[in-house]
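Working notes, beginning with the structure itself.
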Amino acid sequence: MNDPLFDLEGRIAVVTGGLGQLGQVYLAGLAERGMRVACFDVAAGKVPDGVLAFEVDVTDRASIEAALVSVVAEWGVPHVLVNNAALDSPPDAPAEEVGPFEDYPESSFDDVMDVNVKGTLLCCQTVGGAMAREGRGSIVNVSSVYGLLSPIQDLYAFRRERGETFYKPVAYSVSKSAVLNLTHYLAPYWAKAGLRVNTLTLAGVWNEQQQEFLDAFAERSPMGRMLDAREALGAVVFLASDAASYVTGSNVVVDGGWSAW
């Protein structure tokens, strides 16, 4: 028997960055629960059956607006927006991006802030604005535990010990802090319009990282491991559903206890 509190059947969702590791989990998980799901991603790729894919640059308002027009024409105004699209420096990033803070490139900072902050802002303005005019909806802004706490640079000590210069760059943390406070701004702004806005804060996600990093992360994590991408879905379903009808402006932290000590 389906629980009506968590029933998403027939509702419409937009997931940005839907072709990424977490985005694919959200696309499939929401579609499996009967939602009509649109993927907004700058890249082209395969999506689950029943999902509509749009090539969207979240830093370009016109690109978002054009995709939204198509979604509305096909299904109607969305009920849920998951702002998942994000940019971070990968482990194999150019040396100048992962060097000392004092040398971090301004252009790299701009690129990360453009996607993670401006992209989230523009999607909230366009898709969120449409939902507010309908008098209902839920926005889930995806953040990171590194938006709450400083990155632990010792997790990467193994790289420095073998002669590399590597530090977790600054821009990702700054951008994810901004996402959290964008939620704080929008939640009361849209509360009386019936649109809820919350943050989902995640710990590091397992993605076949180097064993030395996995060992260091496990030692620091109360649960002794990284987050499996599938474990992020439950919080999205909760925030999207009527079970969270009185939840807005909140930060749902899914970090295995990382921020508890």
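Label-point separation (nm) for D110 and R230, each offset 7 Å from Cα along Cα-to-Cβ?
4.3 nm
In percent, what relative contact order does the chain have, based on Cα pairs under 8 Å that are 6 or more apart in sequence?
19 percent
How would D110, D255, D103, D88 rank on accessible area, largest to smallest, probe 1.4 Å?
Largest accessible area first, the residues go D103, D110, D88, D255.
If the only charges are +1 at each Lys and Arg Cβ and -1 at each Asp and Glu Cβ, what is the size of the charge dipole of segment 1-64 around the Cα centre, to the nearest 20 debye?
Magnitude of the dipole: close to 40 debye.
Select from the chain the helices, each a whole stretch of DSSP H, whose alpha-carbon atoms run 27 Å or more along the helix axis and whose Kyte-Doolittle mean is at least -0.5; answer none if there are none.
Helix filter hits for the chain: 170-190.
Could you work out the Rg to Rh ratio of segment 51-101, with Rh taken as the Kirkwood radius (inverse of the mean 1/r over all Cα pairs)?
That ratio equals 1.19.
Longest exposed-loop-site-free stretch of the chain, with GluC sites (Glu not before Pro), DSSP loop and at most 13 other Cβ within 10 Å?
Within the chain, the longest run free of exposed GluC sites (Glu not before Pro) spans 10-163.
For R61, R159, what's the largest-to-smallest order of accessible area, 1.4 Å probe?
Per-residue accessible area, sorted high to low, gives R61, R159.
Order I12, I152, most accessible first, counting only protein heavy atoms with a 1.4 angstrom probe.
Largest accessible area first, the residues go I152, I12.
Give me the accessible area of V115, 1.4 Å probe, in Å² rounded to the nearest 10.
It works out to around 40 Å².
For segment 164-246, what class follows from the C-alpha gyration tensor (a ≥ b ≥ c being the square roots of its eigenvalues): rounded when a/c is under 1.5, otherwise prolate if a/b is larger than b/c, else oblate?
oblate
With θ set to phi - 60° and the Karplus curve 6.51 cos²θ - 1.76 cosθ + 1.60, what are the ³J(HN,Hα) couplings of segment 38-49 in order, to the nearest whole Hz, using x for Gly and Pro?
Computed from phi, the couplings for segment 38-49 are 10, 9, 10, 8, 5, 9, 9, x, 6, 10, x, 4 Hz.
Give a residue-ordered list of calculated ³J(HN,Hα) values for segment 94-101 (Karplus: 6.51 cos²θ - 1.76 cosθ + 1.60, θ = phi - 60°; whole Hz; x for Gly, Pro).
Rounded to whole hertz, the list is x, 4, 5, 7, 10, x, x, 3.
Relative to the compact globular guide of 2.2 N^0.38 Å, what is the alpha carbon radius of gyration of the chain, as a ratio?
Output field value: 1.01.
At 1.4 Å probe radius, can you tell me the per residue accessible area of the chain in Å²?
The answer is 47 Å² per residue.
The values are calculated or read from the model by the stated rules, or taken from the named source; none is laboratory data. Keep in mind it's a predicted model, so treat the numbers as computed, not measured. We place every Cβ from the backbone using ideal geometry, glycine too, and count neighbours over all the protein chains shown. With ligands, DNA and RNA removed, areas are computed over all heavy atoms of the protein, side chains included. Shrake-Rupley method; radii C 1.70, N 1.55, O 1.52, S 1.80 Å.
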